[in-house]
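A quick write-up on the structure given underneath.
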Amino acid sequence: MTIHILGFAGSLREGSYNRAALRAAQELLPEGVTLEIFDLSPIPLFNEDVEKEGFPEPVQAFKERIAAADALLIATPEYNYSIPGVLKNALDWASRPPGQSPLNDKPVAIMGASAGYFGTARAQYHLRQVCVILNMHPINKEVFIAGAGDKFDPQGKLADERSRKGISQLLLALKDWTRRLQG
């Protein structure tokens, strides 16, 4: 059985290291795994008044892609020691309405790339806290791509072998974790 992963990055920047890390993950997939990348940029800011009128099309599409996925791969930058607003906003929309979220019981792997020394460690920790309330199941393995400016080539390809190996191991662990949770 093929494991289908939905990946998304908490960065809107075209040249984002985290978007590039997701593209690297597409190159490094283990056998029996697919990865679809979803762009969060069309998702509007969460607003209950808008929600009352119905989910905006980009939100509905995001929720449908989450529901169709066996697992999630989230690439998060670190903004001010935490996750970026765009990522939190997308997860807030996907968590609605309470009790009917496609995030519930979803296996998830977390990675992140940053120009800084810690490679998004603090953001990943905060994202794990969000996963708790959403009843998501993150694997106990992470990928921290620190000093990202030196790890990607000018075309945005991940050139650092250690980081590539880390992503490969993360994907394999997510595949195994997803199968385990699916029983």
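The values are calculated or read from the model by the stated rules, or taken from the named source; none is laboratory data. Keep in mind the model is a prediction, meaning the values are calculated, not measured. Methodologically, a virtual Cβ is constructed for each residue, glycine included, from the backbone with ideal geometry; neighbour enumeration extends over all protein chains shown. Please note that ligands, DNA and RNA were not included when accessible areas were found on the heavy atoms of the full protein model with its side chains. Shrake-Rupley method; radii C 1.70, N 1.55, O 1.52, S 1.80 Å.
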All but one of (1) over 13 Å from the mean Cα position of the chain (by Cα); (2) assigned to a loop (DSSP other than H, G, I, E, B) hold for residue 64, so report the exception by its number.
(2)
Residues in region 28-40 that are over 14 Å from residue 76 (Cα atoms) and either touching a residue at least 60 places away in the same chain (Cβ under 8 Å) or surrounded by 13 or more Cβ atoms within 10 Å (Cβ to Cβ) (or both): how many?
8
Matching residues in region 1-15 - criterion: being surrounded by fewer than 22 Cβ atoms within 10 Å (Cβ to Cβ) and touching a residue at least 24 places away in the same chain (Cβ under 8 Å)
1, 2, 4, 12, 15
Candidate set: region 104-155, residues that are assigned to a loop (DSSP other than H, G, I, E, B) and of a type in the set (Ser, Thr, Tyr); chosen: the one most open to solvent (accessible area, probe 1.4 Å)
117
Return the total of residues in region 156-174 being in contact with a strand residue (DSSP E or B) (Cβ under 9 Å, 6 or more places away or on another chain), polar (S, T, N, Q) and surrounded by fewer than 19 Cβ atoms within 10 Å (Cβ to Cβ).
1
For region 63-93, how many residues are in contact with a Pro (Cβ under 9 Å, 6 or more places away or on another chain), aliphatic (A, V, I, L, M) and surrounded by fewer than 24 Cβ atoms within 10 Å (Cβ to Cβ)?
4
Do you know which residues across region 119-133 are of a type in the set (Val, Ile, Thr) and within 14 Å of residue 74 (Cα to Cα)?
120, 130
Before we move on, is residue 121 within 19 Å of residue 7 (Cβ to Cβ) and among the small types (Gly, Ala, Ser)?
no
Give the residue, chosen from 99, 116, 156, that is free of Cβ contacts under 8 Å to residues at least 40 places away in the same chain and closer than 17 Å to residue 77 by Cα.
116
